[in-house]
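In what follows, a structure is listed as structure tokens, so that the remarks can point back to it.
The values are calculated or read from the model by the stated rules, or taken from the named source; none is laboratory data. Values in this document were obtained by computation on a predicted structure and should not be read as measured data. Please note: Cβ atoms are built from the backbone with ideal geometry, for glycine as well, and neighbour counts cover all protein chains shown. Surface accessibility is based on the protein's heavy atoms, side chains included, excluding ligands, DNA and RNA. Shrake-Rupley method; radii C 1.70, N 1.55, O 1.52, S 1.80 Å.
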Amino acid sequence: MHNTVFDQKFITDTSAQIAEAADRAVFDATAWDDCVEILGEAFPGACIAFQYYDLRRMRLDYDRILNLGADYQDSYRQHYSELNPWVQPLRAAPSGTVLISESDCPSSNFSHTEFYDWLPRDLRAAAALILETNRENLAFVGVNYGIGQADTYDSPMSALLRGISSPLSRSMQAARLFGRTVDRERSAAALVSRSGDLACVVDQQLRVRDANNVAEQEFRRRKLVAMRAGGFFVTAPGINNWLADTIRLLAAGMEPQTATRIFFADGSYQIGVVPLPRSKGSRSLFSGGPLFLVVVRNLTRPAGTGTMADLGAAFGLTAAEQKLCDLLLLGNSLKEAADILGIAFETVRQRLKAIFHKTGTHKQSELIALLGRLL
């Protein structure tokens with residue numbers, strides 16, 4: 001038995017702790033975990049979840065679950081999240097609503113379902129705070145506990161969730177704005193090095209997030225590339241399917257067969273895709289996800305004037321790391337580079353690891369290929 005007294009002081013103190021954690025979460029997504037931990041400590045034995053659904057694909061884009069076994073968590077993410085009957089009433093309620101299952105949607109209503117059979121008996125009562133709901137997304141804090149605990153937990157849980165609704169919603173909005181700012185900075189840095197080529201930054205759905213002047217001009221001409229409903233489109237046949245497949249593989253952490261293609265459209269062109277590295281500074285739950293630099297080079301014209309310093313700005317490479325990249329591009333081995341730089345081989349190896357991390361590559365050949373495409 002727990003000894004917690006669920007009085008007004010408990011509600012006020014716990015709400016203040018969660019609000020403080022939510023303030024930190026604007027700049028660091030790991031602090032959302034602290035919100036979940038605080039709720040878990042306040043209500044012993046309850047399963048706490050902070051979840052962000054992509055309703056178009058009925059998948060979890062983010063979730064943090066406390067007090068649910070690893071096997072149950074895996075099965076929920078892989079299968080039962082799509083069957084969760086509580087998602088529909090959550091979707092139907094306005095943002096800021098608090099729902100208590102035993103009064104609003106008891107689990108007994110779906111006792112005949114596969115989800116009910118899977119749900120542990122001690123988690124068949126629930127409370128939820130809907131933080132955001134629209135046609136595309138659903139974000140909520142959910143708390144599950146046993147039917148026998150409902151009389152004890154329902155009232156203070158409802159009061160606490162109402163108390164944290166405003167601070168959590170404010171922090172989510174601020175985190176989303178911060179994430180957009182970070183994404184803009186990533187885009188701008190990537191485009192710095194592509195002043196001579198057509199270049200733009202797209203997201204996983206090929207929506208254009210930023211573009212350089214060359215791309216903007218071509219979008220207006222609509223002869224080589226175009227924007228259709230905000231998405232990047234190549235007028236030459238066969239390229240758009242390849243581009244979508246390549247980005248899908250890169251987003252999944254897989255290596256495509258090739259990240260460049262040659263195509264012809266009133267001249268010969270090379271198109272290449274490079275995944276942009278995540279920001280190394282702060283983390284945000286609502287950053288726009290993976291971003292990709294798409295470069296189209298006119299092969300009948302002289303190459304652009306991108307320099308290693310430009311790429312250093314794009315990927316956050318230090319001057320020493322840029323020098324090592326220069327030497328490797330010239331064909332020097334790692335040992336030869338160490339000798340030229342006058343530093344220990346182990347120092348060069350560590351420097352190369354840092355470059356891999358910043359550029360999203362994993363081996364020397366990938367790094368050389370990446371730099372070769374961008375310079």
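List of remarks:
- Among the criteria (1) at pLDDT 90 or above; (2) assigned to a helix (DSSP H, G or I); (3) within 26 Å of D117 (Cβ to Cβ), the one P85 does not fulfil is (2).
- Counted residues, region 24-38 - those being part of a helix (DSSP H, G or I), open to solvent by less than 20 Å² (accessible area, probe 1.4 Å) and either over 19 Å from R162 (Cβ atoms) or in contact with a helix residue (DSSP H, G or I) (Cβ under 7 Å, 6 or more places away or on another chain) (or both): 4
- The condition of being surrounded by 20 or more Cβ atoms within 10 Å (Cβ to Cβ) and not in a loop (DSSP other than H, G, I, E, B) holds for only one of P167, P156, that being P156.
- Remark: A344 falls outside the filter, which requires a residue to be touching a helix residue (DSSP H, G or I) at 6+ places or on another chain (Cβ under 8 Å), touching a residue at least 12 places away in the same chain (Cβ under 8 Å) and either open to solvent by 60 Å² or more (accessible area, probe 1.4 Å) or aliphatic (A, V, I, L, M) (or both).
- Among residues of region 42-67 being in a loop (DSSP other than H, G, I, E, B) and in contact (Cβ under 8 Å) with a residue 60 or more places away in the chain, the one that is surrounded by the fewest Cβ atoms within 10 Å (Cβ to Cβ) is R56.
- Extreme residue, most open to solvent (accessible area, probe 1.4 Å), among residues of region 300-326 that are out of contact with any helix residue (DSSP H, G or I) (no Cβ under 7 Å at 6 or more places or on another chain) and modelled with pLDDT under 75: R301
- Which numbered condition C200 fails, given (1) part of a strand (DSSP E or B); (2) open to solvent by 50 Å² or more (accessible area, probe 1.4 Å); (3) closer than 29 Å to A309 by Cβ: (2)
- Scope region 347-375; condition charged (D, E, K, R), at pLDDT 90 or above and open to solvent by 70 Å² or more (accessible area, probe 1.4 Å); matching residues: R349, K353
- The set of residues in region 1-23 that are among the polar types (S, T, N, Q), at pLDDT 90 or above and surrounded by fewer than 16 Cβ atoms within 10 Å (Cβ to Cβ) comprises Q8, T12.
- Single residue of E132, E102 found to be in contact with a helix residue (DSSP H, G or I) (Cβ under 8 Å, 6 or more places away or on another chain), open to solvent by 60 Å² or more (accessible area, probe 1.4 Å), outside any loop (DSSP other than H, G, I, E, B) and not aromatic (F, W, Y): E102
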